[in-house]
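Only one structure is covered here, and it is reproduced in the block below.
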Amino acid sequence: EKFFTVQTDFKGKKVMITMGPTQEALDPVRYISNHSSGKMGLALANAFRSRGAEVFVVSGPISLNVNKSDFHWQDVKSAQDMYEAASKIHSQMDICIFAAAVADYGPAEISPEKIKKSDSTLSISLVKNVDIAAKLGSSKKRNQVHIGFALETENEAKNAQSKLKKKNFDMIVLNSMKEAGAGFQVSTNKVHVFHASGLTAQSDVAPKDQIANLILDQIKNIPVWV
Ligand code: CTP
Ligand code: CA
């Protein structure tokens, strides 16, 4: 009698997942960052692992309980660190998931000493960070699959589809901030999926581990030429 069916549909696949926020240092004790929890990225990492893939995680600072030894796990802080770690392994990957909330800008310079307060206002000059997905997307090989994420508050489908094209993704997952039970710090999510092929799909509000498995099912609709 069979009690469990073990799904191994991603066996033999190497999967990279960027996840979490990035931290852009201002001085030795301060940084600019965002509210990404890393929950969706970790749910995807677990789903791929349980479906047979070898998973390479490049994670910004997160505070989730995780058994890092289940993965090839690399901790990073800044967008630049994340880019360097991801680009080192990129060429060996079959599937790349860009789930990180990468800070778009970082301080133009990092003060070597703690910035002291003064009586006047403080202005910080920011410069644009490297776009990890776009940069690796420009060297994507024909047998590699790239998946992006988008979080939009307006013109959601249009903005997501323009990111799909711009970053050379095969599929993009849109998180809607407007949907109840979706977003950064919650454990449920609702997503729309747009394929480069034109195929679209949407989920109900569901726990992030269930959403992760739906995303993996959608990835199987991507035609890959080996
Ligand atoms: N991304 C990335 N590197 C960056 C910025 C974004 O790899 N420096 C990836 C994200 O991980 C995500 C996708 O690109 O998969 C879209 O991120 P998003 O922040 O929605 O898009 P941006 O191009 O940064 O545009 P904006 O923030 O202005 O909407
Ligand atoms: Ca951004």
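The values are calculated or read from the model by the stated rules, or taken from the named source; none is laboratory data. Model, not experiment: these values are computed from the prediction. Methodologically, a virtual Cβ is constructed for each residue, glycine included, from the backbone with ideal geometry; neighbour enumeration extends over all protein chains shown.
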* Is it true that some residue in the range 74-93 is farther than 25 Å from residue 43 by Cβ, in a loop (DSSP other than H, G, I, E, B) and either more than 15 Å from ligand 2 (Cβ to nearest atom) or out of contact with any strand residue (DSSP E or B) (no Cβ under 8 Å at 6 or more places or on another chain) (or both)? -> no
* Structure fact -> residue 81 meets each of (1) acidic (Asp, Glu); (2) within 16 Å of ligand 1 (Cβ to nearest atom); (3) more than 24 Å from residue 169 (Cα to Cα) with one exception, condition (3)
* Asked: What about residue 186, is it modelled with pLDDT of 95 or more and either within 14 Å of ligand 2 (Cβ to nearest atom) or among the β-branched types (Val, Ile, Thr) (or both)?
  -> no
* To do: Pick out the one residue from 64, 42 that is away from ligand 1 (no atom under 14 Å from the Cβ), under 17 Å from the mean Cα position of the chain (by Cα) and part of a loop (DSSP other than H, G, I, E, B).
  => 64
* Structure fact -> The residue from 215, 222, 147, 211 that alone is assigned to a strand (DSSP E or B) and either within 16 Å of ligand 2 (Cβ to nearest atom) or of a type in the set (Val, Ile, Thr) (or both) is 147
